[in-house]
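What follows is a set of notes on a single structure, which appears directly below.
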Amino acid sequence: MSKVIRYRGVDYPASQIQFVQQLIDQNPGLSRRRLSAKLCEAWNWVQPNGALRDMVCRGFMLHLHRAGLIVLPPKRQFPDNPLAHHRKPQVRNDLHWEGLGDTLQELGPVKIAQVRRTDGEELFGQLIQTHHYLGYTQPVGEHLKYMAWAQEIPIACMAWSSAPRHLGCRDRYIGWPPEVRRKNIHLIAYNTRFLILSWAQVPHLASHLLGRIARRISVDWQQLYHHPIYLLETFIDPSRFRGTCYRAANWIELGLTTGRGKADLTHKPNRSLKAHCVYPLKPDFRARLQAAGV
């Protein structure tokens, strides 16, 4: 066998595929899950927190199995996928307050809390589902959720998640080669939702919140996922928004997306173009993101 297999942007030569089959042959009594763990250990596939990259490895082995390149043992269990039954948060039209002021000064002290894995996560989902034009989508992978409060009333929600694997304008801006990007993409966070609630339409509030969260997000990410963040990014739909708050918070617009999406196979635009903006969290962010050993 001389065929090279590409999986998630990485090429695997025949020798590595043969190694996987040998591992299976040498451990005939192990389940698919245990085989995946042994392969992770053999290839040192670990997350920044030291946990094995088990789901990626299992997906890789299943990909080889379906391609007829290895033979996995029969499945022993058929666990239910919780995401398949995930219910969107309830729409709550009762969550509404009177206007809280016309200026940041009238709004009073603003408290920001990271609510991922806290009691505030349910309210976060309800507010996004009720008041954001895109509604709530359950994040996959690493993510954080922030809520802002004033006068004991929620005034804003902001969600961050793992960054898209490949974006031409961003990758050229950073200047990293594909192999380094694959290793270090987890050091970028993507702002997926930003909601200023209608009772807190106060000038400069949005840019104020962007600035404050930028100063703390890397520490919060480190606490939950055991690695820092060096660059933030987001997409702005120019048909709906001007992106004024991002520019006021010193974000940098890199250009427009291609409109093809990450799963495109046609190389033709199939969605609206978005403005792509980034915000470096360190002066030497390029050097940190380009460091191959991170």
Item to check | Members of region 147-178 that are among the basic types (Lys, Arg), surrounded by fewer than 16 Cβ atoms within 10 Å (Cβ to Cβ) and assigned to a helix (DSSP H, G or I) | outcome: ARG172
Next on the checklist: Here is a check on your reading of the model: is TYR225 at pLDDT 95 or above and within 16 Å of the chain's Cα centre (by Cα)?
Outcome noted: no
Item to check | Search result, residues across region 182-205 that are of a type outside the set (A, V, I, L, M, F, W, C) and within 17 Å of TRP45 (Cβ to Cβ) | outcome: ARG182, LYS183, ASN184, HIS186
Checklist entry - Any residue in region 217-225 that is closer than 27 Å to TYR133 by Cα and among the hydroxyl-bearing types (Ser, Thr, Tyr)? => result no
Item to check | region 91-118, residues that are within 13 Å of ILE155 (Cα to Cα) and without any contact (Cβ under 8 Å) to a residue 60 or more places away in the chain | outcome: LEU95, GLY108, PRO109, LYS111, ALA113
Next on the checklist: I want to confirm something. Restricting to region 1-60 and keeping residues that are of a type in the set (Asp, Glu) and in a helix (DSSP H, G or I), which single residue is surrounded by the most Cβ atoms within 10 Å (Cβ to Cβ)?
Outcome noted: ASP54
Checklist outcome for this item: Sole miss for PRO109 among (1) out of contact with any Leu (no Cβ under 8 Å at 6 or more places or on another chain); (2) of a type outside the set (Phe, Trp, Tyr); (3) on the phi > 0 side of the Ramachandran plot is condition (3)
Item to check | Scan of region 235-283 for residues that are modelled with pLDDT under 75 and not small (Gly, Ala, Ser), ordered by number | outcome: THR258, ARG260, LYS262, ASP264, LEU265, THR266, HIS267, LYS268, PRO269, ASN270, ARG271
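The values are calculated or read from the model by the stated rules, or taken from the named source; none is laboratory data. Keep in mind that what you see is a predicted model, and the values were worked out from it rather than measured. Heads up, the Cβs are rebuilt from the backbone with ideal geometry, glycines too, and the neighbour counts pull from every protein chain shown.
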